[in-house]
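The values are calculated or read from the model by the stated rules, or taken from the named source; none is laboratory data. Not measured: the values here are computed from a predicted model. Note: ideal-geometry Cβ built from the backbone for every residue, glycine included; neighbour counts use all protein chains shown. Side chains included, ligands, DNA and RNA excluded: accessible areas come from the protein's heavy atoms. Shrake-Rupley method; radii C 1.70, N 1.55, O 1.52, S 1.80 Å.
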Amino acid sequence: MSKSRFTPSGSEGGLPERSRGTRLPHEPDGPAWLTVNSPLLPDADALSELVRDILDRRWVTNQGHYARELEARLAGYLQVDHLALITNATVALEMSFLEAIPDGEVIVPAYSFPATWNLFFENPRFKAVFVDIGEDFRIDPDAVEAAITDRTTAIVAVHTYGFPCAHERLRALCEAHGLTLIYDAAHAFGVQLAGLPPVASLGDLNIFSFHATKVYNTLEGGAVTGSEALVHRLKRRRNFGLSSEEQFSFGTNGKMDELRAAVGLLNLPLVDDAIAARAKVSRYYLDALHSETDHLQLFPSELFPHGGVHNHAHFPVRVRPDAPVDRDGLLDALKRENILARRYFYPTPTTSELYRHHVAPGALPRTRACSLDTLCLPVHHRMTEADCAHVVDSVLAVLSA
Ligand code: T4K
(Lines give C-alpha, C1' and ligand atoms only; values in the text may rest on other atoms or scores of the structure.)
Protein backbone atom coordinates (compact mmCIF):
# COMPACT_ATOMS: atom_id res chain seq x y z
CA MET A 1 0.00 0.00 0.00
CA SER A 2 1.51 3.32 -1.02
CA LYS A 3 2.03 5.96 1.64
CA SER A 4 2.31 9.02 -0.51
CA ARG A 5 3.26 12.32 0.98
CA PHE A 6 2.68 15.73 -0.45
CA THR A 7 6.20 15.83 -1.81
CA PRO A 8 6.96 16.76 -5.39
CA SER A 9 8.31 13.28 -6.13
CA GLY A 10 5.47 11.45 -4.36
CA SER A 11 2.43 10.02 -6.09
CA GLU A 12 -0.78 11.77 -5.12
CA GLY A 13 -3.20 9.08 -6.24
CA GLY A 14 -5.21 7.07 -3.63
CA LEU A 15 -4.00 7.99 -0.17
CA PRO A 16 -5.69 5.71 2.30
CA GLU A 17 -3.15 6.10 5.10
CA ARG A 18 -2.83 8.95 7.51
CA SER A 19 0.62 10.08 8.61
CA ARG A 20 1.78 8.77 11.97
CA GLY A 21 1.22 11.96 13.88
CA THR A 22 3.17 13.43 16.77
CA ARG A 23 3.32 12.43 20.43
CA LEU A 24 3.40 15.44 22.70
CA PRO A 25 6.20 15.58 25.29
CA HIS A 26 3.78 15.96 28.21
CA GLU A 27 1.73 12.97 26.99
CA PRO A 28 4.46 10.38 26.30
CA ASP A 29 1.97 7.51 26.25
CA GLY A 30 -0.89 9.54 24.87
CA PRO A 31 -2.38 9.53 21.38
CA ALA A 32 -0.58 10.61 18.24
CA TRP A 33 -1.84 14.02 17.16
CA LEU A 34 -2.19 15.64 13.79
CA THR A 35 -0.45 18.82 14.91
CA VAL A 36 -0.68 22.36 13.58
CA ASN A 37 2.93 22.11 12.48
CA SER A 38 5.73 19.58 12.20
CA PRO A 39 9.41 20.45 11.98
CA LEU A 40 11.28 20.08 8.71
CA LEU A 41 14.19 17.82 9.70
CA PRO A 42 17.33 16.70 7.87
CA ASP A 43 18.37 13.17 7.08
CA ALA A 44 19.93 11.62 10.21
CA ASP A 45 23.01 10.26 8.40
CA ALA A 46 23.70 13.58 6.72
CA LEU A 47 23.42 15.34 10.06
CA SER A 48 25.66 12.76 11.79
CA GLU A 49 28.34 13.46 9.22
CA LEU A 50 28.24 17.19 9.95
CA VAL A 51 28.14 16.60 13.71
CA ARG A 52 31.26 14.43 13.41
CA ASP A 53 32.98 17.19 11.46
CA ILE A 54 32.01 19.80 14.06
CA LEU A 55 33.37 17.59 16.83
CA ASP A 56 36.59 17.03 14.86
CA ARG A 57 37.06 20.77 14.37
CA ARG A 58 36.45 21.38 18.10
CA TRP A 59 34.94 24.77 17.22
CA VAL A 60 31.33 24.62 18.29
CA THR A 61 30.00 28.19 18.53
CA ASN A 62 31.07 31.88 18.21
CA GLN A 63 30.72 32.32 14.45
CA GLY A 64 32.15 28.98 13.46
CA HIS A 65 32.54 27.44 10.03
CA TYR A 66 28.91 26.28 9.70
CA ALA A 67 27.34 29.45 11.08
CA ARG A 68 29.30 31.55 8.57
CA GLU A 69 28.38 29.24 5.74
CA LEU A 70 24.69 29.32 6.68
CA GLU A 71 24.75 33.10 6.94
CA ALA A 72 26.05 33.34 3.37
CA ARG A 73 23.60 30.78 1.99
CA LEU A 74 20.59 32.33 3.71
CA ALA A 75 21.51 35.76 2.35
CA GLY A 76 21.46 34.17 -1.10
CA TYR A 77 18.13 32.42 -0.53
CA LEU A 78 16.47 35.54 0.85
CA GLN A 79 18.09 37.73 -1.86
CA VAL A 80 19.79 40.19 0.46
CA ASP A 81 23.38 41.37 0.82
CA HIS A 82 23.48 41.55 4.60
CA LEU A 83 22.17 39.03 7.11
CA ALA A 84 23.02 38.19 10.71
CA LEU A 85 22.15 34.79 12.13
CA ILE A 86 20.74 35.09 15.66
CA THR A 87 19.92 32.57 18.37
CA ASN A 88 16.14 33.07 17.97
CA ALA A 89 13.74 35.67 16.62
CA THR A 90 12.80 37.02 20.05
CA VAL A 91 16.40 37.97 20.82
CA ALA A 92 16.77 39.25 17.25
CA LEU A 93 13.74 41.53 17.69
CA GLU A 94 14.99 42.80 21.04
CA MET A 95 18.48 43.49 19.68
CA SER A 96 17.02 45.24 16.64
CA PHE A 97 14.76 47.47 18.73
CA LEU A 98 17.61 48.45 21.06
CA GLU A 99 19.98 49.10 18.17
CA ALA A 100 17.75 50.83 15.63
CA ILE A 101 14.86 52.56 17.40
CA PRO A 102 15.39 55.94 19.06
CA ASP A 103 13.72 56.43 22.47
CA GLY A 104 10.00 57.15 22.13
CA GLU A 105 6.68 55.70 21.08
CA VAL A 106 6.61 52.59 18.95
CA ILE A 107 3.52 51.74 16.94
CA VAL A 108 2.90 48.01 16.95
CA PRO A 109 -0.06 45.71 16.23
CA ALA A 110 -1.65 44.06 19.26
CA TYR A 111 -2.47 41.02 17.13
CA SER A 112 0.82 39.12 17.34
CA PHE A 113 2.95 36.85 19.51
CA PRO A 114 4.25 38.54 22.70
CA ALA A 115 7.80 38.44 21.30
CA THR A 116 6.80 41.31 19.00
CA TRP A 117 6.28 43.84 21.78
CA ASN A 118 7.32 42.55 25.22
CA LEU A 119 10.55 44.56 25.27
CA PHE A 120 8.60 47.81 24.89
CA PHE A 121 6.96 47.21 28.28
CA GLU A 122 10.12 46.20 30.09
CA ASN A 123 12.48 48.86 28.78
CA PRO A 124 11.78 52.46 29.86
CA ARG A 125 13.25 53.87 26.61
CA PHE A 126 10.10 52.79 24.78
CA LYS A 127 6.36 53.10 24.98
CA ALA A 128 4.24 50.69 22.94
CA VAL A 129 1.28 52.21 21.14
CA PHE A 130 -0.99 49.38 20.09
CA VAL A 131 -2.93 49.76 16.86
CA ASP A 132 -5.59 47.61 15.27
CA ILE A 133 -5.39 45.27 12.30
CA GLY A 134 -7.58 45.00 9.22
CA GLU A 135 -9.96 42.11 8.51
CA ASP A 136 -7.01 40.24 6.99
CA PHE A 137 -4.88 40.21 10.21
CA ARG A 138 -2.34 42.83 9.05
CA ILE A 139 -1.65 46.15 10.71
CA ASP A 140 -4.11 48.79 9.48
CA PRO A 141 -2.15 51.65 7.82
CA ASP A 142 -4.96 54.14 8.58
CA ALA A 143 -4.74 53.23 12.26
CA VAL A 144 -0.97 53.63 12.07
CA GLU A 145 -1.28 57.07 10.53
CA ALA A 146 -3.77 58.16 13.17
CA ALA A 147 -1.45 56.96 15.96
CA ILE A 148 1.63 58.93 14.84
CA THR A 149 2.59 61.74 17.22
CA ASP A 150 5.70 63.87 17.58
CA ARG A 151 7.00 61.26 20.03
CA THR A 152 6.70 58.35 17.58
CA THR A 153 10.06 56.90 16.55
CA ALA A 154 9.22 53.61 14.84
CA ILE A 155 6.65 51.33 13.30
CA VAL A 156 7.01 47.63 14.04
CA ALA A 157 4.75 45.67 11.70
CA VAL A 158 4.19 41.92 11.41
CA HIS A 159 3.76 39.85 8.24
CA THR A 160 1.24 37.72 10.12
CA TYR A 161 0.85 34.16 8.78
CA GLY A 162 3.30 35.19 6.05
CA PHE A 163 0.77 37.68 4.60
CA PRO A 164 2.89 40.75 3.73
CA CYS A 165 1.92 44.12 5.22
CA ALA A 166 0.79 47.12 3.16
CA HIS A 167 4.44 48.00 2.71
CA GLU A 168 4.20 50.98 0.38
CA ARG A 169 1.84 52.84 2.74
CA LEU A 170 3.98 52.05 5.78
CA ARG A 171 7.20 53.07 4.05
CA ALA A 172 5.62 56.36 2.92
CA LEU A 173 4.50 57.10 6.50
CA CYS A 174 7.99 56.37 7.79
CA GLU A 175 9.57 58.65 5.21
CA ALA A 176 7.11 61.45 5.88
CA HIS A 177 7.66 61.33 9.66
CA GLY A 178 11.29 60.17 9.88
CA LEU A 179 10.44 56.81 11.49
CA THR A 180 12.29 53.50 11.58
CA LEU A 181 10.41 50.61 9.93
CA ILE A 182 11.00 47.16 11.38
CA TYR A 183 9.22 44.06 10.15
CA ASP A 184 8.63 41.05 12.35
CA ALA A 185 8.92 38.58 9.47
CA ALA A 186 8.93 35.54 11.77
CA HIS A 187 6.29 33.84 9.59
CA ALA A 188 7.42 35.17 6.22
CA PHE A 189 10.47 33.14 5.18
CA GLY A 190 10.73 33.20 1.37
CA VAL A 191 7.57 35.28 0.80
CA GLN A 192 7.42 37.75 -2.08
CA LEU A 193 4.65 39.95 -3.42
CA ALA A 194 4.43 40.71 -7.15
CA GLY A 195 6.01 44.08 -7.94
CA LEU A 196 7.78 44.41 -4.59
CA PRO A 197 11.32 43.44 -3.58
CA PRO A 198 11.70 40.21 -1.56
CA VAL A 199 10.21 40.46 1.91
CA ALA A 200 13.67 40.36 3.51
CA SER A 201 14.53 43.73 2.03
CA LEU A 202 11.37 45.71 2.79
CA GLY A 203 12.07 47.08 6.27
CA ASP A 204 15.05 48.93 7.71
CA LEU A 205 15.39 45.64 9.58
CA ASN A 206 13.53 42.38 8.97
CA ILE A 207 13.48 39.62 11.55
CA PHE A 208 12.92 35.95 10.70
CA SER A 209 12.26 33.04 13.06
CA PHE A 210 13.85 29.66 12.45
CA HIS A 211 12.00 27.97 15.31
CA ALA A 212 11.04 24.31 14.82
CA THR A 213 7.45 25.34 14.11
CA LYS A 214 8.42 27.57 11.19
CA VAL A 215 8.51 26.78 7.46
CA TYR A 216 12.32 26.75 7.63
CA ASN A 217 14.05 25.95 10.90
CA THR A 218 17.35 25.52 12.69
CA LEU A 219 15.51 23.93 15.71
CA GLU A 220 15.73 27.31 17.46
CA GLY A 221 17.08 30.26 15.53
CA GLY A 222 16.50 33.46 13.68
CA ALA A 223 18.03 36.09 11.44
CA VAL A 224 18.02 39.81 10.79
CA THR A 225 18.40 41.44 7.39
CA GLY A 226 18.97 45.12 6.66
CA SER A 227 21.58 47.66 5.60
CA GLU A 228 25.28 46.87 5.84
CA ALA A 229 25.75 49.33 8.71
CA LEU A 230 22.82 48.06 10.79
CA VAL A 231 23.63 44.39 10.26
CA HIS A 232 27.24 45.09 11.17
CA ARG A 233 26.13 46.69 14.43
CA LEU A 234 23.81 43.78 15.15
CA LYS A 235 26.64 41.30 14.61
CA ARG A 236 28.59 43.18 17.28
CA ARG A 237 25.56 43.32 19.56
CA ARG A 238 24.95 39.56 19.30
CA ASN A 239 28.52 39.02 20.55
CA PHE A 240 28.10 40.94 23.85
CA GLY A 241 28.87 44.21 22.02
CA LEU A 242 32.53 43.18 21.58
CA SER A 243 34.28 44.56 18.52
CA SER A 244 37.74 43.46 19.63
CA GLU A 245 39.24 41.95 22.76
CA GLU A 246 39.56 45.44 24.18
CA GLN A 247 36.56 47.31 22.81
CA PHE A 248 32.91 46.83 23.54
CA SER A 249 29.55 48.56 23.44
CA PHE A 250 26.17 47.33 24.70
CA GLY A 251 25.23 43.85 23.63
CA THR A 252 23.92 40.45 24.49
CA ASN A 253 24.54 36.84 23.61
CA GLY A 254 22.60 36.27 20.39
CA LYS A 255 24.91 33.79 18.65
CA MET A 256 23.99 30.56 16.92
CA ASP A 257 26.00 27.42 17.65
CA GLU A 258 27.43 25.07 15.05
CA LEU A 259 25.01 22.19 15.58
CA ARG A 260 21.98 24.32 14.83
CA ALA A 261 23.75 25.94 11.90
CA ALA A 262 24.41 22.44 10.53
CA VAL A 263 20.69 21.62 10.78
CA GLY A 264 19.98 24.87 8.97
CA LEU A 265 22.40 24.07 6.16
CA LEU A 266 20.85 20.66 5.61
CA ASN A 267 17.29 22.01 5.80
CA LEU A 268 17.82 24.83 3.30
CA PRO A 269 17.84 22.63 0.17
CA LEU A 270 14.67 20.93 1.47
CA VAL A 271 12.61 24.02 2.09
CA ASP A 272 11.23 24.64 -1.41
CA ASP A 273 9.79 21.13 -1.58
CA ALA A 274 8.39 21.56 1.93
CA ILE A 275 6.68 24.80 0.89
CA ALA A 276 5.30 23.11 -2.24
CA ALA A 277 3.90 20.32 -0.03
CA ARG A 278 2.32 22.91 2.28
CA ALA A 279 0.78 24.68 -0.71
CA LYS A 280 -0.99 21.45 -1.63
CA VAL A 281 -2.50 21.26 1.85
CA SER A 282 -3.71 24.87 1.55
CA ARG A 283 -5.17 24.18 -1.87
CA TYR A 284 -6.95 21.06 -0.58
CA TYR A 285 -8.50 22.98 2.31
CA LEU A 286 -9.58 25.89 0.11
CA ASP A 287 -11.20 23.57 -2.43
CA ALA A 288 -12.92 21.44 0.20
CA LEU A 289 -14.12 24.28 2.43
CA HIS A 290 -15.13 26.88 -0.16
CA SER A 291 -18.82 25.94 0.13
CA GLU A 292 -18.68 26.74 3.87
CA THR A 293 -17.96 30.43 3.52
CA ASP A 294 -21.20 31.29 5.35
CA HIS A 295 -19.55 29.78 8.41
CA LEU A 296 -15.84 30.23 7.77
CA GLN A 297 -13.86 33.12 6.36
CA LEU A 298 -11.02 31.80 4.18
CA PHE A 299 -8.04 33.69 2.72
CA PRO A 300 -7.50 32.39 -0.82
CA SER A 301 -5.94 35.50 -2.32
CA GLU A 302 -3.49 35.88 0.58
CA LEU A 303 -2.49 32.19 0.36
CA PHE A 304 -2.19 32.26 -3.42
CA PRO A 305 -1.29 35.88 -4.25
CA HIS A 306 -1.45 36.74 -7.94
CA GLY A 307 2.10 36.68 -9.29
CA GLY A 308 3.63 36.42 -5.81
CA VAL A 309 5.17 33.69 -3.67
CA HIS A 310 3.59 32.58 -0.41
CA ASN A 311 5.10 30.09 2.05
CA HIS A 312 1.96 28.50 3.57
CA ALA A 313 3.29 28.96 7.09
CA HIS A 314 -0.26 28.89 8.47
CA PHE A 315 -3.81 28.23 7.34
CA PRO A 316 -6.00 30.60 9.36
CA VAL A 317 -9.79 30.47 9.27
CA ARG A 318 -12.17 32.89 10.96
CA VAL A 319 -15.29 31.29 12.40
CA ARG A 320 -18.22 33.53 11.54
CA PRO A 321 -20.75 34.54 14.22
CA ASP A 322 -23.58 32.53 12.62
CA ALA A 323 -21.62 29.25 12.49
CA PRO A 324 -23.15 26.46 14.62
CA VAL A 325 -20.09 26.56 16.94
CA ASP A 326 -17.69 29.29 17.93
CA ARG A 327 -13.92 29.09 17.46
CA ASP A 328 -13.29 27.34 20.77
CA GLY A 329 -16.11 24.89 20.01
CA LEU A 330 -14.41 24.04 16.71
CA LEU A 331 -11.02 23.72 18.44
CA ASP A 332 -12.48 21.27 20.98
CA ALA A 333 -14.34 19.26 18.34
CA LEU A 334 -11.11 18.89 16.35
CA LYS A 335 -9.25 17.80 19.51
CA ARG A 336 -11.74 14.99 19.93
CA GLU A 337 -10.60 13.83 16.47
CA ASN A 338 -6.91 14.06 17.53
CA ILE A 339 -6.41 17.19 15.47
CA LEU A 340 -4.44 19.87 17.25
CA ALA A 341 -5.34 23.19 15.64
CA ARG A 342 -4.02 26.31 17.40
CA ARG A 343 -5.37 29.71 18.40
CA TYR A 344 -2.67 31.92 16.90
CA PHE A 345 -2.98 34.55 18.36
CA TYR A 346 -4.80 34.18 21.64
CA PRO A 347 -4.59 35.75 24.13
CA THR A 348 -3.70 39.16 22.77
CA PRO A 349 -3.42 42.41 24.74
CA THR A 350 -7.17 42.84 24.21
CA THR A 351 -7.92 39.59 26.03
CA SER A 352 -5.06 39.44 28.56
CA GLU A 353 -5.08 40.95 32.05
CA LEU A 354 -1.39 41.80 31.77
CA TYR A 355 -2.06 44.66 29.36
CA ARG A 356 -5.27 46.02 30.86
CA HIS A 357 -3.65 49.42 31.47
CA HIS A 358 -2.55 49.66 27.83
CA VAL A 359 -5.77 48.85 25.97
CA ALA A 360 -8.87 50.95 26.60
CA PRO A 361 -12.13 49.01 26.96
CA GLY A 362 -13.61 48.49 23.51
CA ALA A 363 -10.39 49.53 21.75
CA LEU A 364 -8.83 47.47 18.95
CA PRO A 365 -12.09 45.78 17.94
CA ARG A 366 -10.65 43.78 15.03
CA THR A 367 -7.77 42.49 17.14
CA ARG A 368 -10.28 41.40 19.76
CA ALA A 369 -12.52 39.76 17.15
CA CYS A 370 -9.67 37.90 15.41
CA SER A 371 -8.20 36.69 18.70
CA LEU A 372 -11.61 35.19 19.55
CA ASP A 373 -12.64 33.79 16.15
CA THR A 374 -9.43 32.66 14.40
CA LEU A 375 -8.09 29.14 14.30
CA CYS A 376 -5.01 27.86 12.46
CA LEU A 377 -5.60 24.43 10.94
CA PRO A 378 -2.73 21.92 10.63
CA VAL A 379 -0.51 22.59 7.64
CA HIS A 380 2.89 20.99 7.20
CA HIS A 381 4.99 19.11 4.69
CA ARG A 382 4.35 15.65 6.15
CA MET A 383 0.58 15.73 5.79
CA THR A 384 -0.98 13.16 3.51
CA GLU A 385 -4.13 13.70 1.50
CA ALA A 386 -5.86 11.44 4.02
CA ASP A 387 -4.76 13.81 6.81
CA CYS A 388 -6.26 16.73 4.89
CA ALA A 389 -9.47 14.79 4.34
CA HIS A 390 -9.64 13.96 8.05
CA VAL A 391 -9.34 17.65 8.97
CA VAL A 392 -11.90 18.72 6.39
CA ASP A 393 -14.38 15.96 7.31
CA SER A 394 -14.03 16.87 10.99
CA VAL A 395 -14.59 20.57 10.30
CA LEU A 396 -17.59 19.89 8.05
CA ALA A 397 -19.12 17.51 10.60
CA VAL A 398 -19.09 20.31 13.18
CA LEU A 399 -20.36 22.98 10.81
CA SER A 400 -23.22 20.87 9.53
CA ALA A 401 -24.33 19.70 13.01
N1 T4K B 1 7.18 36.95 16.14
C2 T4K B 1 6.12 36.22 15.81
C3 T4K B 1 5.02 36.84 14.98
C4 T4K B 1 6.02 34.88 16.23
O5 T4K B 1 4.94 34.14 15.92
C6 T4K B 1 7.08 34.33 16.99
C7 T4K B 1 7.03 32.96 17.45
C8 T4K B 1 8.20 35.15 17.28
C9 T4K B 1 8.21 36.46 16.83
C10 T4K B 1 9.37 34.64 18.07
O11 T4K B 1 10.07 33.62 17.36
P12 T4K B 1 11.14 32.68 18.16
O13 T4K B 1 11.76 33.48 19.26
O14 T4K B 1 10.38 31.48 18.67
O15 T4K B 1 12.15 32.31 17.08
C16 T4K B 1 5.14 28.54 18.88
C17 T4K B 1 6.61 28.84 18.74
O18 T4K B 1 7.36 28.45 19.88
C19 T4K B 1 6.91 30.25 18.40
O20 T4K B 1 8.16 30.27 17.74
C21 T4K B 1 5.86 30.83 17.46
N22 T4K B 1 6.08 32.21 17.13
C23 T4K B 1 4.48 30.70 18.04
C24 T4K B 1 3.41 31.29 17.16
O25 T4K B 1 4.24 29.31 18.19
P26 T4K B 1 3.75 27.28 20.68
O27 T4K B 1 3.62 27.52 22.14
O28 T4K B 1 2.54 27.24 19.85
O29 T4K B 1 4.64 25.97 20.37
P30 T4K B 1 4.31 24.46 20.66
O31 T4K B 1 5.44 23.89 21.41
O32 T4K B 1 2.95 24.29 21.23
O33 T4K B 1 4.34 23.84 19.18
C34 T4K B 1 3.24 23.95 18.29
C35 T4K B 1 3.06 22.64 17.56
O36 T4K B 1 4.18 22.38 16.74
C37 T4K B 1 2.95 21.44 18.49
O38 T4K B 1 1.59 21.20 18.80
C39 T4K B 1 3.51 20.31 17.67
C40 T4K B 1 4.49 20.98 16.74
N41 T4K B 1 5.88 20.75 17.20
C42 T4K B 1 6.48 21.68 18.00
C43 T4K B 1 7.78 21.48 18.40
C44 T4K B 1 8.48 22.48 19.30
C45 T4K B 1 6.52 19.60 16.81
O46 T4K B 1 5.93 18.76 16.11
N47 T4K B 1 7.82 19.41 17.20
C48 T4K B 1 8.48 20.31 17.98
O49 T4K B 1 9.68 20.10 18.28
O50 T4K B 1 4.74 28.46 20.20
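Assorted remarks:
- Packing-based order for 23-35, 321-333, 231-243, using average beta carbon neighbours within 10 Å, highest first: 231-243, 321-333, 23-35
- When peptides 275-281, 166-172 are sorted by average Cβ neighbour count within 10 Å, with the highest value leading, the order is 275-281, 166-172.
- For segment 326-401, averaging the sequence separation of C-alpha pairs within contact (under 8 Å, six or more residues apart) and dividing by the residue count gives a relative contact order of 40 percent.
- Gyration tensor (alpha-carbon) shape descriptor, segment 192-294, a/c threshold 1.5: prolate
- Amide hydrogen neighbours beyond the local backbone of L296, cut-off 5 Å, H modeled: R320
- Global form of segment 325-401, assessed from the alpha-carbon gyration tensor, a/c cut-off 1.5: prolate
- Alpha-carbon centroid distance for the pair segment 355-401 / segment 187-266, whole angstrom: 29
- Taking all Cα pairs closer than 8 Å and separated by 6 or more residues, the relative contact order of the chain comes to 23 percent.
- Fully extending the segment from R57 to N123, taken as 0.36 nm per residue of separation minus the present Cα-Cα distance, adds 19.8 nm.
- Positive-pole candidate from Q297, T367, A75, dipole of the chain, charges at beta carbon: A75
- Put a plus charge on the Cβ of each Lys and Arg, a minus charge on the Cβ of each Asp and Glu, and nothing anywhere else: the dipole of segment 287-401 about its Cα centre is then about 500 debye.
- ³J(HN,Hα) computed for each position of segment 21-27 - Karplus, 6.51 cos²θ - 1.76 cosθ + 1.60, integer Hz, glycine/proline x: x, 10, 8, 7, x, 8, 10
- Most to least packed among 292-298, 369-375 [average Cβ atoms within 10 Å]: 369-375, 292-298
- Kirkwood Rh, Cα atoms: Rg over Rh of the chain: 0.97
- 222 nm mean residue ellipticity, helices alone, for the chain (DSSP H n ≥ 4; -39,500 (n - 2.57); rounded to 500): -10500 deg cm²/dmol
- Around the amide H of V129, modelled in the peptide plane, lie the amide H atoms of V106, I107, V108, all under 5 Å away and 5 or more residues distant in sequence or on another chain.
- Hz values of 3J(HN,Hα) by residue in segment 52-67 - Karplus curve (6.51, -1.76, 1.60), Gly and Pro given as x: 4, 5, 4, 5, 4, 5, 6, 10, 10, 7, 6, 6, x, 4, 6, 5
- Under Karplus coefficients 6.51, -1.76 and 1.60, residue-wise ³J(HN,Hα) of segment 32-47 in Hz, glycine/proline x: 7, 9, 8, 8, 4, 8, 8, x, 6, 10, x, 4, 5, 5, 5, 5
- Computed over protein heavy atoms with a 1.4 Å probe, the accessible surface of the chain works out to 44 Å² per residue.
- Signed unit charges on C-beta, dipole axis of segment 170-287, positive-most listed residue L286, H232, I182: L286
- Charge dipole (segment 106-167, unit charges on Cβ, about Cα centre) - positive-most of S112, T160, A128: A128
- The lysines whose alpha-carbon is closer than 20 Å to the alpha-carbon of K235, local same-chain residues fewer than 8 away aside, are K255.
- The dipole here belongs to the chain: it is taken about the Cα centre, uses +1 on the Cβ of Lys and Arg and -1 on the Cβ of Asp and Glu, and is about 440 debye.
- Rolling a 1.4 Å probe over the protein heavy atoms leaves R366 with an accessible area of roughly 80 Å².
- Taking the accessible area of the chain, probe 1.4 Å, and keeping the other protein chains in place, the carbon and sulfur fraction comes to 51%.
- Here the dipole of segment 207-316 is about 320 debye; that uses its Cα centre as origin and unit charges on the Cβ of Lys and Arg (positive) and Asp and Glu (negative).
- Note: relative contact order over segment 174-247, using C-alpha pairs below 8 Å and six or more positions apart, is 22 percent.
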